[in-house]
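The values are calculated or read from the model by the stated rules, or taken from the named source; none is laboratory data. Quantities reported herein were computed from a predicted structural model and do not represent experimental measurements. Every residue, glycine among them, receives a Cβ derived from its backbone with ideal geometry; neighbour counts consider all protein chains shown. Protein only, heavy atoms only, side chains kept; ligands, DNA and RNA dropped before computing areas. Shrake-Rupley method; radii C 1.70, N 1.55, O 1.52, S 1.80 Å.
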Amino acid sequence: MENYSKARVVEQPSACPFPNLSADTPEVRVKDGSKIRNLLRFALSRMEANPRGTEEEQRRPTPDEGSQEGPQEAVGRPLCKQIIFTACGKGVSKAITCAEIVKRHLKGLHQLTKLTYSKVLEVWEPLEPAAGLDSLTVSRNLPAIWILLSKEPLDWDQPGYQAPGRYDALWAQAAGREEGGGVTGQRAGHRRKRGGGGGRGKGSVRQSGRSRESGKGQT
């Protein structure tokens with residue numbers, strides 16, 4: 001591919017894996033270059049009556065770079081009970097970050113996560129058209145994520161369901177184990193045991209040296 005350069009990347013539309021959703025459910029498409037601040041402003045404006053934000057951000061209605069709608073378009077619309085964050089490739093981690101921040105702002109949200117693959121077409125053009133090379137189209141399957149946040153309860157039997165408050169409970173259990181000296185205390189004791197064993201080994205070596213000296217004196 002040294003004679004080609006990537007001209008453009010076309011992402012093929014993929015079907016939403018969540019059936020029976022309301023028609024007004026917003027779908028936020030997160031890109032690698034999207035700004036989390038703009039994504040959160042739009043999402044909170046659709047889910048919260050009085051979205052929290054700085055006065056400077058409220059005076060600057062910057063359009064959302066990662067979704068199909070800007071935050072200024074959400075003003076005056078009815079609030080939604082559900083919202084979707086979706087991304088593929090390098091934008092997956094940013095979509096997860098947005099969903100976690102929204103859950104921090106709005107307590108009691110149910111989460112359902114689906115992992116799929118998204119088809120992407122890469123068009124490569126020759127560096128020298130006079131060389132007689134044709135353009136190439138490369139098809140790739142990138143991992144994609146779909147995150148549904150809902151104020152209403154979801155089917156907890158579905159794979160990928162996460163109940164409200166589960167993230168905080170997990171961290172609380174981990175903190176309790178550390179304070180109680182669970183795993184950390186066992187590791188420290190194990191290291192001390194290994195160090196003590198090394199000391200006893202050295203002592204046995206010295207004793208064997210003395211016995212050799214005593215043996216030489218007797219001979």
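Values for this structure:
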quantity: Qualifying residue in the range 146-159 (condition: open to solvent by 40 Å² or more (accessible area, probe 1.4 Å), of a type outside the set (D, E, K, R) and either touching an Asp or Glu at 6+ places or on another chain (Cβ under 8 Å) or assigned to a strand (DSSP E or B) (or both)); calculated: no
quantity: Qualifying residues in the range 120-145 (those that are part of a loop (DSSP other than H, G, I, E, B) and either under 21 Å from V28 (Cα atoms) or among the aliphatic types (A, V, I, L, M) (or both)) - the one least open to solvent (accessible area, probe 1.4 Å); calculated: L133
quantity: Subset of the range 6-26 (residues that are open to solvent by less than 50 Å² (accessible area, probe 1.4 Å) and either under 24 Å from R41 (Cβ atoms) or over 21 Å from the mean Cα position of the chain (by Cα) (or both)); calculated: F18, T25, P26
quantity: Any chance L79 is within 21 Å of T25 (Cα to Cα), at pLDDT below 90 and not polar (S, T, N, Q); calculated: yes
quantity: Check on A99, within 13 Å of A43 (Cα to Cα) and at pLDDT 90 or above; calculated: yes
quantity: Residue within the range 34-51 that is over 30 Å from W124 (Cα atoms), out of contact with any strand residue (DSSP E or B) (no Cβ under 8 Å at 6 or more places or on another chain), at pLDDT below 90 and open to solvent by 70 Å² or more (accessible area, probe 1.4 Å) present; calculated: yes
